[in-house]
Amino acid sequence: MLPSAVPVQLVDPNGVKVPNDSYPFPDSDRLLSAYQKLVIGRRINDQANALVRQGRMAVYPSSHGQEACQVAAAVVIDRQDWLFPTYRDTVAVITRGVDPLEVLTLLRGDWHSGYDPLEHKVATQATPLATQLLHAVGVAHAAKLKGEDTVVLALCGDGATSEGDFHEALNFAAVFHVPVVFLIQNNEYAISVPLASQTVAPSLAHKAIGYGMPGERVDGNDLAALLSVLGAAVDRARDGGGPSLIEAHTYRMQAHTNADDPSRYRSPDDVEKWIPKDPLSRMRIYLRGLNLLDDDGETRIAADAEVMAATLRDGLNTDPVVNPEDLFNYVFTEKTSQLREQAELLRGELSREHSAEEVTP
Ligand SMILES: Cc1ncc(C[n+]2csc(CCOP(=O)(O)OP(=O)(O)O)c2C)c(N)n1
Ligand SMILES: [Mg+2]
């Protein structure tokens with residue numbers, strides 16, 4: 001049940017294949033298709049950051065540098081499976097196939113998630129840390145009771161592992177032997193709190209043994225290793241082998257969100273060290289070295305990424321038509337007296353504002 005002594009790596013930062021007896025190397029078509037999604041993911045991160053600066057989005061937790069985790073999490077599961085993302089996993093949700101404009105609705109500042117979780121089998125992006133892990137285990141437990149062929153992949157950060165919900169979710173999953181894969185993206189920080197203040201365990205993956213499930217550590221910037229390690233955990237869960245805990249070692253290259261100033265708690269030198277480990281450049285070198293990717297291929301992939309960026313720009317630059325009363329309309333089937341009262345208060349304020357606008361020349 002113990003994880004490997006060092007994180008599993010199948011392609012090193014120089015783009016060189018690393019032999020591994022335990023994990024098969026993904027086939028070339030799969031890697032190339034996932035690489036394309038990495039490039040699009042990076043473009044989504046850049047575009048969303050720009051849209052925040054232009055005031056078109058309220059907040060964006062960037063996953064720049066973590067794109068390999070995002071893409072792998074989305075592609076190792078099948079259509080009937082469920083994904084439970086965190087607020088940082090926008091790229092995973094888009095890679096899963098949810099309309100990108102619907103995905104960004106929440107971060108634009110709307111009151112709802114923008115997409116139908118049941119249609120896509122993707123839970124809403126969760127801001128409260130680790131709550132989604134319990135929901136994920138609940139869905140996996142229900143699927144098992146119903147005899148459905150469903151695996152649940154639940155994401156969380158290193159900081160979230162200190163939450164009580166993390167413990168409850170893992171313990172329940174192990175005791176009830178449910179088909180769930182927990183993926184921790186250890187990006188070394190929980191806002192300003194470094195991993196060293198979060199735990200003194202040998203690794204976060206070592207926590208698995210305390211629950212009685214297998215733990216594994218993987219290089220979170222190595223797309224090939226992530227596909228293989230996560231793929232094996234998903235297969236195991238589908239075959240009735242129960243839950244697993246995977247820790248992906250990666251790094252948050254940018255600020256926590258646009259509301260954060262990372263220069264107050266880490267030095268630029270620390271960030272520099274991770275630049276050569278970038279998930280995109282390593283996979284690009286690997287694919288180019290084998291002639292699986294050439295100039296034409298790169299141009300095509302970049303063009304697809306630009307189309308995605310243009311979709312985000314056009315969509316986010318269109319002002320949404322919002323009805324403030326929607327805040328109250330979908331909370332309960334029948335509004336409680338408090339909600340009726342608050343809705344009435346809001347209606348009054350809005351109509352006073354409208355009449356004030358009408359008399360102002
Ligand atoms: C229950 C709860 N407590 C505190 C917060 C405030 N908070 C938001 S993000 C964050 C750090 C989370 O770090 P981590 O789990 O490592 O995820 P990362 O942001 O690095 O992806 C905290 C403490 C919250 N959202 N929910
Ligand atoms: Mg973190």
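Could you pull out the residue among 204, 183 that is in a strand (DSSP E or B) and within 14 Å of ligand 1 (Cβ to nearest atom)?
Of the residues listed, the single one that is in a strand (DSSP E or B) and within 14 Å of ligand 1 (Cβ to nearest atom) is 183.
List every residue pair whose Cβ atoms sit under 7 Å apart, with the two residues 6 or more apart in sequence or on different chains, where the first one lies in region 173-187 and is on the phi > 0 side of the Ramachandran plot and the second, anywhere, is of a type in the set (Gly, Ala, Ser) and away from ligand 1 (no atom under 16 Å from the Cβ).
Taking only residues 6 or more apart or on different chains, the pairs are 177/242.
Quick test of your reading of the structure: residue 291 fulfils all but one of (1) among the polar types (S, T, N, Q); (2) assigned to a helix (DSSP H, G or I); (3) without any contact (Cβ under 8 Å) to a residue 40 or more places away in the chain. Name the failing condition by number.
(2)
Cβ contacts < 9 Å: first residue touching a residue at least 40 places away in the same chain (Cβ under 8 Å), restricted to region 118-135; second residue crowded, with 21+ Cβ neighbours inside 10 Å and of a type in the set (D, E, K, R), any location; separation 6+ or different chain. Result?
121/81; 121/96; 122/96; 125/88; 125/89
Would you say residue 334 is of a type outside the set (A, V, I, L, M), out of contact with any helix residue (DSSP H, G or I) (no Cβ under 8 Å at 6 or more places or on another chain) and not assigned by TED's automatic domain parsing to the domain that holds residue 225?
Judged against the criteria, residue 334 is a match.
Could you list all residues from region 135-173 that are buried (at least 19 other Cβ atoms within 10 Å of the Cβ), more than 16 Å from ligand 2 (Cβ to nearest atom) and more than 21 Å from residue 76 (Cα to Cα)?
The answer is 169, 172.
As an exercise: evaluate residue 225 against (1) over 19 Å from residue 129 (Cβ atoms); (2) within 15 Å of ligand 1 (Cβ to nearest atom); (3) touching a Leu at 6+ places or on another chain (Cβ under 6 Å) and give the number of the one condition it does not meet.
(2)
Being within 16 Å of ligand 1 (Cβ to nearest atom), surrounded by fewer than 20 Cβ atoms within 10 Å (Cβ to Cβ) and either at pLDDT below 95 or not in a strand (DSSP E or B) (or both): is that true of residue 124 here?
yes
Yes or no: region 197-213 includes at least one residue that is surrounded by 20 or more Cβ atoms within 10 Å (Cβ to Cβ), without any contact (Cβ under 8 Å) to a residue 60 or more places away in the chain, within 16 Å of ligand 2 (Cβ to nearest atom) and among the aliphatic types (A, V, I, L, M).
Yes, because at least one residue in region 197-213 is surrounded by 20 or more Cβ atoms within 10 Å (Cβ to Cβ), without any contact (Cβ under 8 Å) to a residue 60 or more places away in the chain, within 16 Å of ligand 2 (Cβ to nearest atom) and among the aliphatic types (A, V, I, L, M).
Does at least one position in region 300-312 carry a residue that is outside any helix (DSSP H, G or I), of a type in the set (Asp, Glu) and surrounded by 12 or more Cβ atoms within 10 Å (Cβ to Cβ)?
First, pick out the residues of region 300-312 that are outside any helix (DSSP H, G or I): none.
Looking through region 300-312, none of the residues is outside any helix (DSSP H, G or I), of a type in the set (Asp, Glu) and surrounded by 12 or more Cβ atoms within 10 Å (Cβ to Cβ).
Which number in (1) closer than 19 Å to residue 107 by Cβ; (2) under 15 Å from the mean Cα position of the chain (by Cα); (3) surrounded by fewer than 23 Cβ atoms within 10 Å (Cβ to Cβ) marks the one condition that residue 53 misses?
For residue 53, the exception is condition (2).
Looking only at region 76-104, count how many residues are assigned to a helix (DSSP H, G or I) and surrounded by fewer than 21 Cβ atoms within 10 Å (Cβ to Cβ). Even if it seems obvious, please write down each step before you answer.
First pass over region 76-104, keeping only residues assigned to a helix (DSSP H, G or I): 90-95, 100-104.
With the extra rule that they be surrounded by fewer than 21 Cβ atoms within 10 Å (Cβ to Cβ), the set shrinks to 101-102.
Number of matching residues: 2.
Of all the residues that make up region 235-259, how many are modelled with pLDDT of 95 or more and either surrounded by fewer than 22 Cβ atoms within 10 Å (Cβ to Cβ) or assigned to a loop (DSSP other than H, G, I, E, B) (or both)?
So the answer is 16.
Scan region 12-24 and give yes if some residue there is touching a Pro at 6+ places or on another chain (Cβ under 9 Å) and either of a type in the set (A, V, I, L, M) or surrounded by fewer than 23 Cβ atoms within 10 Å (Cβ to Cβ) (or both), otherwise no. Walk me through how you get there before you give the answer.
Here is the first cut: in region 12-24, the residues touching a Pro at 6+ places or on another chain (Cβ under 9 Å) are 13-14.
This time we only want the ones that are either of a type in the set (A, V, I, L, M) or surrounded by fewer than 23 Cβ atoms within 10 Å (Cβ to Cβ) (or both), so: 13-14.
Checked against the condition, which is being touching a Pro at 6+ places or on another chain (Cβ under 9 Å) and either of a type in the set (A, V, I, L, M) or surrounded by fewer than 23 Cβ atoms within 10 Å (Cβ to Cβ) (or both), region 12-24 yields at least one hit.
Looking at this structure, is residue 166 touching a residue at least 12 places away in the same chain (Cβ under 8 Å), among the aromatic types (Phe, Trp, Tyr) and within 13 Å of ligand 1 (Cβ to nearest atom)? Spell out how you get there, then give the answer.
On the way: touching a residue at least 12 places away in the same chain (Cβ under 8 Å): yes; among the aromatic types (Phe, Trp, Tyr): yes; within 13 Å of ligand 1 (Cβ to nearest atom): yes.
The answer is yes for residue 166.
The values are calculated or read from the model by the stated rules, or taken from the named source; none is laboratory data. What you see is a predicted model, and the numbers here were worked out from it, not measured in a lab. A quick note on method: Cβ atoms are made from the backbone with ideal geometry, for glycine too, and the neighbour counts reach across all protein chains shown.
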